[in-house]
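Here the structure is laid out as structure tokens; the discussion comes afterwards.
The values are calculated or read from the model by the stated rules, or taken from the named source; none is laboratory data. These numbers come from a predicted model, not from an experiment. Quick reminder, even Gly has a Cβ in these numbers, built from the backbone with ideal geometry, and neighbours come from all protein chains shown.
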Amino acid sequence: MSKLAFAGLAIAVIALAYLAALYLAQRSLLFPVPAYRPDADPGRAEIVRLPLDGGEAQALFLAPPARFEGPTPLLIFMHGNGELADHWLPDFEEVTAWGVGALLLEYPGYGRSAGRPSEQSINEAARAAYDWAQGDARIDSKRIVPYGRSLGGGPAVRLAVDREVPALILESAFTSVADFAAQFLAPAFLVRDRFDSLTTLSSYRGPLLVVHGSRDQIVPIAHGRALAAAVPGAKLFELPCGHNDCARPWPLVMSFLEQNGLLPASSAVHQEKSP
């Protein structure tokens, strides 16, 4: 064998080994489950059990203060890939002050949830969370809004198409895992969990809010722009931050919900505007 042929063979073997390793390890890379295990008692949050085909996922429900009467609007929040629902409890106390409930979904294999994370299992958990909210008398069944951050954008978009929702919120979300993985030289055909939000959004025509950091180097701003462009009338806000250092976009979220009639009439927001 010539030196040139040997070199070519060596390169091919290395490339195949890289692709094989990438295929086998991609779920551990895409779903880096935090080692931290949350406390059994999540404080004032209620643990919601969500039966799945392969086990049980859980979510944390934060109800608005008692001064808000009647069924509450709800945000179903789906977090990023290296996070836990418990990490977000303090932030969503702000949301409950508007009279809006928050259901923080925990993915299979994360936190208190059993099972293994995958596109299929996470989407199933998201649908189970929505179905639980539909059947709970405390929740306004016509005002349930998916809210996905980063990886959570994938199941949020899928849920918005699989179920009837009045609006959708995406924060720092990617168009698809294949597009995201391309920057790491990962071929699209190897991607097992695609979360192809850009294609899925072609079936969604409701109100959409997209919030994205203009300096995001993990999920570049081009992803947010493409997602917003996929839905006529979508609102895109580019914030002066990266991926994990953005302040909570609560004023934008609150305004979006209000504009679409998704805040309770007795909300503190409206009370503050009263003369």
Of (1) out of contact with any Asp or Glu (no Cβ under 6 Å at 6 or more places or on another chain); (2) under 30 Å from Ala63 (Cβ atoms); (3) basic (Lys, Arg); (4) modelled with pLDDT of 95 or more, Arg248 fails just (1)
**Message:** Among the residues of segment 189-196, are any assigned to a helix (DSSP H, G or I), at pLDDT 95 or above and either in contact with an Asp or Glu (Cβ under 8 Å, 6 or more places away or on another chain) or not aromatic (Phe, Trp, Tyr) (or both)?
**Reply:** no
Verdict on Val191 being under 22 Å from Leu74 (Cα atoms), in contact with a helix residue (DSSP H, G or I) (Cβ under 7 Å, 6 or more places away or on another chain) and touching a residue at least 24 places away in the same chain (Cβ under 8 Å): no
Just one listed residue, out of Arg116, Arg112, is touching a helix residue (DSSP H, G or I) at 6+ places or on another chain (Cβ under 9 Å), within 12 Å of Ala45 (Cβ to Cβ), assigned to a loop (DSSP other than H, G, I, E, B) and of a type in the set (Lys, Arg), and it is Arg112
With criteria (1) outside any loop (DSSP other than H, G, I, E, B); (2) closer than 16 Å to Asp136 by Cα; (3) of a type outside the set (D, E, K, R), Pro64 comes up short on (1)
Exercise for review: Go through the residues of segment 130-139 one by one and say whether even a single one is assigned to a loop (DSSP other than H, G, I, E, B), among the acidic types (Asp, Glu) and either at pLDDT below 95 or crowded, with 19+ Cβ neighbours inside 10 Å (or both).
Suggested key: no
Of those in segment 82-101 that are assigned to a loop (DSSP other than H, G, I, E, B) and touching a Pro at 6+ places or on another chain (Cβ under 6 Å), the residue farthest from Phe31 (Cα to Cα) is Gly99
Here the residues within segment 221-253 that are under 14 Å from Leu201 (Cβ atoms) and assigned to a loop (DSSP other than H, G, I, E, B) are Ala230, Val231, Pro232, Gly233, Ala234
